[in-house]
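The values are calculated or read from the model by the stated rules, or taken from the named source; none is laboratory data. Because the structure is predicted, anything quoted here is derived from the model rather than measured. Note that we place each Cβ from the backbone using ideal geometry, even for glycine, and neighbour counts take in every protein chain shown.
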Amino acid sequence: MSIFSGKKIILGVTGSIAAYKAADLASKLTQAGANVDVILTLAAENFVTPLTFQSVTGRRAYTDKDLWGNEAHVLHVGLGKNTNLLLIAPCTADTIAKLAHGIADNLLTVTALAATCPIVVAPAMDGGMFDAPATQENIATLSRRGVTIIGPAEGHLASGLSGKGRLIEPSDILGHTRKALGKNGSLAGKKLVITAGGTQEAIDPVRVITNHSSGKQGYALAQAALDAGAEVCLITTPTGLIPPIGAQVIKVKSAQDMLDAVMNENADALIMAAAAADFRPKYTARDKMKKRDGIPQIELEAAPDILKTVSSSQLSTKRFKVMVGFAAESRDLLDNAAEKLKSKGLDFIAANDISAKDAGFEVETNRVTLLFANGAREILPLMSKAEVAEKIIEHTSKLLE
Ligand code: CTP
C-alpha cells in the first residue's frame, strides 16, 4: 500500500450514526501508512469522541474548540496546508449543503473552504434526505467543482427505513481514497488493459480444465496501475478476489473469451498476467457427461494464443503501444522467457520460476526477472506481488513516456 506512505490525509467526521465506522477508516488509513488528522464537527462528537480517533491514528484529533482556542489563528486555515487529501466520511446532508454554499462555520468547513487539495466526500444520511432536491443540487454543485462523491449505498438505515443513504464500507472508501491520491500519477491519462486468473475450458456444463493461477499478480497489477493514475480495464476469469476500486472489470472464462475481450480494447498498454490455456477440449458436451456412459476420452485442441494473436494484428491496428507478458517456467527460465519475449512481440516479459515454493502460483510473493526487447535484464529479489506489480507498472510507464 505504498501509495499511502507518508501522505497527509485530513479525515472530516460529521454527525451521522455512521461516525463509528470512521474510526475503522482512520485506523485502516493509518495502518496503510498515511498520517491522518481527524476533524470532528460538534454533531460528530455526540456519536464518537476525539480520543477514539487519537487512539487509532496516534495523532491529535481536532474539534470546534480548537477553532476558538490558542492556536486558532494557525489552525483555522492551516490544517489544510500541505495536505494530500481531504476526506469527509461520513458527510451529512448539512455539511454537504455548507460545502456547496461556501459556508464556513466550524473547523471542518473552514478547512474545506481553504483547502487546495482534492476533496472526497462520502455522504451518509437517513431516509429521503439524499434524494431531496436540495441535497441532489448541492451534490451536483460539488461534483461540478471537482469534488469526488462516493456512495451512499442502498440498504438498511438507522431509522429502520430502507433506501439510499448508507455510508459505503470503509474498505471501499479506502479504495476510492487510493484512486483520488493516484489521480496525477505517472500513468494519468493512460489506459491499461490487464488480464488476470486462470482460464476455464469447458468439458461439459459442470466440468472445466483450468490451472493453479490465483489471479493475485494480475489484480495487484490493476491496483498498481490505478495507484499510478491509469484508467484500468481488468479482464479476469473467476478468481474469488475483490477487484480494486476504480477498475472496469470484464469477466471471462475461456481463453477464447479472453481473446475476444482483449481484441475489443484499445489502450496504451496490455499486460497479460493471466494464465490462459494452451489446450482446450475440442468438443464441449452439451449435457453433463454421465458416469454410466463410461470414462470419456477428451480430445484436446490448441486454444488461441492471445498475445500472439494481438501481436500479429498490431501491424494493421496498433491496439496497444506497449505489450507486456509473463513467462511461467519450471526450467530454463531465462532462455524460455527470451524466446517468448520475441515470439510474442513484447516490449518486456516478467519471467517467474513456478517451481520455487515462494514464487508463482497461489502464493503472496513472486521472484521475477524482467527481460526487455532491447536486451536489458533486471533481476528482482523476492517481493510481494504488490511490489512486483509496482515495478512492472514503473517500467510500463517509462516505456509510455
Ligand atoms: N498467453 C497467451 N495466450 C495463451 C497462453 C499464454 O497470451 N493461450 C500469454 C500469457 O498470459 C503470458 C505469456 O503468454 O503473458 C506466456 O505464457 P506461458 O504460459 O508462460 O507460455 P505459453 O506461451 O503458454 O508457452 P508454454 O506453455 O509452452 O511455456
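Tabulated data for the structure shown
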| item | result |
| --- | --- |
| Condition met for A220 (surrounded by 24 or more Cβ atoms within 10 Å (Cβ to Cβ), in the same structural domain as L307 (by TED's automatic domain parsing), more than 30 Å from K288 (Cβ to Cβ) and touching a Lys or Arg at 6+ places or on another chain (Cβ under 6 Å)) | yes |
| Filtered residue count, the range 36-93, keeping only those that are touching a residue at least 24 places away in the same chain (Cβ under 8 Å) and within 21 Å of T177 (Cβ to Cβ) | 29 |
| Where E378 falls short, out of the listed (1) surrounded by 13 or more Cβ atoms within 10 Å (Cβ to Cβ); (2) within 14 Å of the ligand (Cβ to nearest atom) | (2) |
| All positions within the range 268-297 that are among the β-branched types (V, I, T) and either out of contact with any strand residue (DSSP E or B) (no Cβ under 8 Å at 6 or more places or on another chain) or part of a loop (DSSP other than H, G, I, E, B) (or both) | T284, I295 |
| Hits in the range 119-159 - residues which are assigned to a loop (DSSP other than H, G, I, E, B) and of a type in the set (D, E) | D126, D131 |
| Test: residue in the range 243-258 that is in contact with a helix residue (DSSP H, G or I) (Cβ under 8 Å, 6 or more places away or on another chain), of a type in the set (G, A, S), within 16 Å of the ligand (Cβ to nearest atom) and assigned to a helix (DSSP H, G or I) | yes |
| Of all residues in the range 339-355 being in a helix (DSSP H, G or I) and surrounded by 15 or more Cβ atoms within 10 Å (Cβ to Cβ), the one that is nearest to the ligand (Cβ to nearest atom) | K340 |
| Residues of the range 160-189 satisfying the condition of being in a helix (DSSP H, G or I) and closer than 15 Å to N84 by Cβ | L174, H176, T177, R178, K179, A180, L181, G182 |
| Residues (within 17 Å of L87 (Cβ to Cβ) and of a type in the set (V, I, T)) located in the range 27-51 | T30, V36, V38, I39, T41, V48 |
| Set K340, K385, K318, K357: member being closer than 19 Å to A196 by Cα, modelled with pLDDT under 95 and of a type in the set (K, R) | K385 |
| Unmet criterion (only one of (1) touching a Pro at 6+ places or on another chain (Cβ under 8 Å); (2) aliphatic (A, V, I, L, M); (3) more than 15 Å from the ligand (Cβ to nearest atom)) for A228 | (1) |
| Filtered residues of the range 298-311 (kept if under 37 Å from the mean Cα position of the chain (by Cα), more than 19 Å from N266 (Cα to Cα) and in a loop (DSSP other than H, G, I, E, B)) | A303, P304 |
| Test result for K65, among the basic types (K, R) and at pLDDT 95 or above | no |
| Check on D305, of a type in the set (D, E), over 18 Å from A230 (Cβ atoms) and free of Cβ contacts under 8 Å to residues at least 40 places away in the same chain | yes |
| Criterion: farther than 29 Å from E329 by Cβ, within 29 Å of the chain's Cα centre (by Cα) and among the small types (G, A, S) - qualifying residue of G240, G294, G246 | G246 |
| Residues (within 16 Å of the ligand (Cβ to nearest atom) and of a type in the set (V, I, T)) located in the range 174-200 | V193, I194, T195, T199 |
| A255, sole failed condition from (1) surrounded by fewer than 16 Cβ atoms within 10 Å (Cβ to Cβ); (2) touching a residue at least 24 places away in the same chain (Cβ under 8 Å) | (1) |
| Flag for A267 being surrounded by 12 or more Cβ atoms within 10 Å (Cβ to Cβ) and either within 14 Å of the ligand (Cβ to nearest atom) or not assigned by TED's automatic domain parsing to the domain that holds S213 (or both) | no |
| Subset of the range 312-338 [within 9 Å of the ligand (Cβ to nearest atom) and assigned to a helix (DSSP H, G or I)] | N336, A337 |
| Qualifying residues in the range 367-401 (those that are part of a strand (DSSP E or B) and touching a Ser or Thr at 6+ places or on another chain (Cβ under 8 Å)) - the one nearest to H212 (Cα to Cα) | S384 |
| Test: residue in the range 47-61 that is modelled with pLDDT of 95 or more, hydroxyl-bearing (S, T, Y) and either under 18 Å from L142 (Cβ atoms) or part of a strand (DSSP E or B) (or both) | no |
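A quick yes/no check of all residues on (1) of a type in the set (A, V, I, L, M); (2) over 26 Å from I235 (Cβ atoms); (3) surrounded by 12 or more Cβ atoms within 10 Å (Cβ to Cβ); (4) near the ligand (Cβ under 9 Å from one of its atoms):
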{"residue": "A276", "(1), (2), (3), (4)": "yes, no, yes, yes"}
{"residue": "A285", "(1), (2), (3), (4)": "yes, yes, yes, no"}
{"residue": "R292", "(1), (2), (3), (4)": "no, yes, no, no"}
{"residue": "P296", "(1), (2), (3), (4)": "no, yes, yes, no"}
